[in-house]
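> Handing you a structure now.
The values are calculated or read from the model by the stated rules, or taken from the named source; none is laboratory data. The shown structure was predicted, so the numbers you read here are calculated from the model rather than taken from an experiment. All Cβ positions, even for glycine, are placed from backbone atoms using ideal geometry, and neighbour counts span all protein chains on display.
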């Protein structure tokens, strides 16, 4: 699997341009069903880093369908979810309607009306790359109380390198790179080692800013977690359709890409394994 870095060159499309951040609002149910869950250790490490606060007020940036919301609610946090998509916002409200300390603001984080110096935790799960960090990071700093925590986490998924991998790449060469013709291809995550994900460049690639220190955060840490999951052919295609770059393809290219990948998976036994490395990046005000 590939992850593209957003390009400033208008002639170098990636599918991850900020205008595409509402692509998922039309596939809410599928998104909630097929997207990955985060390792329990991720949340345990966030709670440990936060320490014991007398108050527990949190903002979730780009909450989506709430894949990372429940652990904070169950830990006693009052969570304000900020979500741009109207359909996802409605889904969120219904999904967590039993929690009295949960609310949703339908807005981008950049435009959301939130009170300064009022939150103990601001977090985002696989969503902060959609935020303009030059606005979002200073805003997070302003919203946090002293010693408040800014926690960003995301996933990286790669396929084992085998015959199926090679056939999937052939499908991408025909139907993906015929549309995305930028000179530098996205990073092939299967080529990366665990240590690679700890490098400074990975903050820029994954979160689209250089580092938390530049915005005044301290005690900055990065932690990694490894998991894997096996998908059926149909499930894997559903997962691919939750990626912005795939959804931004022309209809015929996307349909041909999915068809050839699905046929390759069926040919090789009907299942696709993905190896995940999750990154947790945290700093304190």
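> Within the range 220-245, which residues are in a helix (DSSP H, G or I), within 19 Å of residue 127 (Cβ to Cβ) and either touching a strand residue (DSSP E or B) at 6+ places or on another chain (Cβ under 9 Å) or modelled with pLDDT of 95 or more (or both)?
Hits for the range 220-245 are 239, 240, 245.
> Which of the following residues is under 19 Å from the mean Cα position of the chain (by Cα) and over 21 Å from residue 21 (Cα atoms): 261, 237, 265, 277?
Answer to the check: 277.
> Residue by residue through the range 123-161, note down the ones that are exposed (fewer than 15 other Cβ atoms within 10 Å of the Cβ) and either in a strand (DSSP E or B) or without any contact (Cβ under 8 Å) to a residue 40 or more places away in the chain (or both).
Hits for the range 123-161 are 135, 142, 146, 147, 161.
> In the range 167-178, how many residues are touching a helix residue (DSSP H, G or I) at 6+ places or on another chain (Cβ under 9 Å) and loosely packed, with under 14 Cβ neighbours inside 10 Å?
Residues meeting the conditions: 2.
> Hey, among the residues in the range 246-258 that are assigned to a helix (DSSP H, G or I) and within 25 Å of the chain's Cα centre (by Cα), which one's surrounded by the fewest Cβ atoms within 10 Å (Cβ to Cβ)?
Checked the range 246-258; the qualifying residue surrounded by the fewest Cβ atoms within 10 Å (Cβ to Cβ) is 251.
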